[in-house]
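Derivation of every value follows stated rules applied to the coordinates shown; laboratory data play no part. These figures come from a predicted structure and were not determined experimentally. Cβ placement follows ideal geometry from the backbone for every residue including glycine, while neighbour counts extend to all protein chains displayed.
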Amino acid sequence: VGWIIARLFKAAVSRGLKLVRFPVLAEKAGIDGFLKKGGVKRSSTELLAVLVYWLVMLIVLVTAVNSLGLEVASQLLTQMLLYIPNIIVAVVVVAVGLYAAGFVAAIVRTAAATAGIARSARATARPSLVACAWTSWAVVPVERTCMALLPSR
């Protein structure tokens, strides 16, 4: 039953993302190109649908383990399930960072071409792209560090 529900969720997410034109947004943000460079053969839409499938399967597994009374396994699976929002936030931050990095690189390329240094425009845009990407990777750890320093109530 859980497997059928997971497959239905997978199909619904895939259709929903296509309905809101997520593939176009992912292509503009460079996410699909980034995945292809990394050797991932699925599109970002398919990848998100598969992730939802496995999330539902993990919930089904937690439910099954709870019903069997296996407390240690249940706690382990629950911890895994509770960590998933952190992964989702990290993926969103990286996606926004890649989009911002592409935007900044285009600005630098245009400015360099306008200034008459078009030959080095590509070499100038590359470091700005890398700097923006690294900045997006650094946002989550800095935010967590700052939150950890705040006194708890």
Rounded Å value of the spacing that divides the Cα centres of segment 38-57 and segment 69-97: 16 Å
Given charges at Cβ of Lys, Arg, Asp, Glu: segment 9-87 dipole, positive-most of Ile31, Ala12, Leu58: Ile31
